[in-house]
Amino acid sequence: MDYSVARARARTAEEGLRLQEPVSMSSIQTHLETASGRPIVIRPIDNTPTDKVCGLWFGLDGLDLILHAKAASEVHRQQIVLHEFAHMILRHEQEVLSHDYAQVFFPDLDPERVVSALKRTDFADELEVTAELLADRLASRIRRSYRQPDAEPGNFGAVFG
């Protein structure tokens, strides 16, 4: 894998967002919701069926749902969510989910409502590396905004639905 290509794609994607300062988790989420016309709901995963799951992005019939594993810190949780935001920004394709797979994560939800998810098994592939590099760039923007004297309170990882 050519990491210089992944870095260039992440940089181009971040620059293309044209985010207004100060940048926060909330402002990135609002930007993505406006661009897609779909609300984004962010929730912790209470009981993951596997210990290998950090974050998941599901496309439901009327919204995007990001589930994140319980993290050791706000910074780690923020990185997980930013990684899923990065997949959205990079327009990585989601797969249509089988009803059985949807039932694992949404046992009380009609499987017809779960449309698609971005499923990953190889964390060293170009899509994953690019998403992580973009998530790093977004986290850096948040940190820079947080250090500004007029930054909004709770800018660094405190905004989760």
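A few remarks follow.
- Ordering D2, D125 by accessible surface, largest first, gives D2, D125; the 1.4 Å probe counts only protein heavy atoms, with every chain in place.
- Relative packing of 73-79, 32-38, which averages over residues the other C-beta atoms within 10 Å, highest first: 73-79, 32-38
- Extension gain (nm, one decimal) between Q20 and M1, 0.36 nm per residue minus Cα-Cα: 3.6 nm
- In this structure, I45 and R91 have a Cβ-Cβ separation that, at R0 = 22 Å, corresponds to a calculated FRET efficiency of about 0.35.
- Each residue, D125 and E33, gets one label point 7 Å from its Cα in the Cβ direction; the gap between the two is 3.1 nm.
The values are calculated or read from the model by the stated rules, or taken from the named source; none is laboratory data. Note that the coordinates shown come from a computational prediction; the quantities given were computed from them, not determined experimentally. All Cβ positions, glycine included, derive from the backbone under ideal geometry; neighbour counts span all protein chains shown. Accessible surface areas use protein heavy atoms only, side chains included; no ligands, DNA or RNA. Shrake-Rupley method; radii C 1.70, N 1.55, O 1.52, S 1.80 Å.
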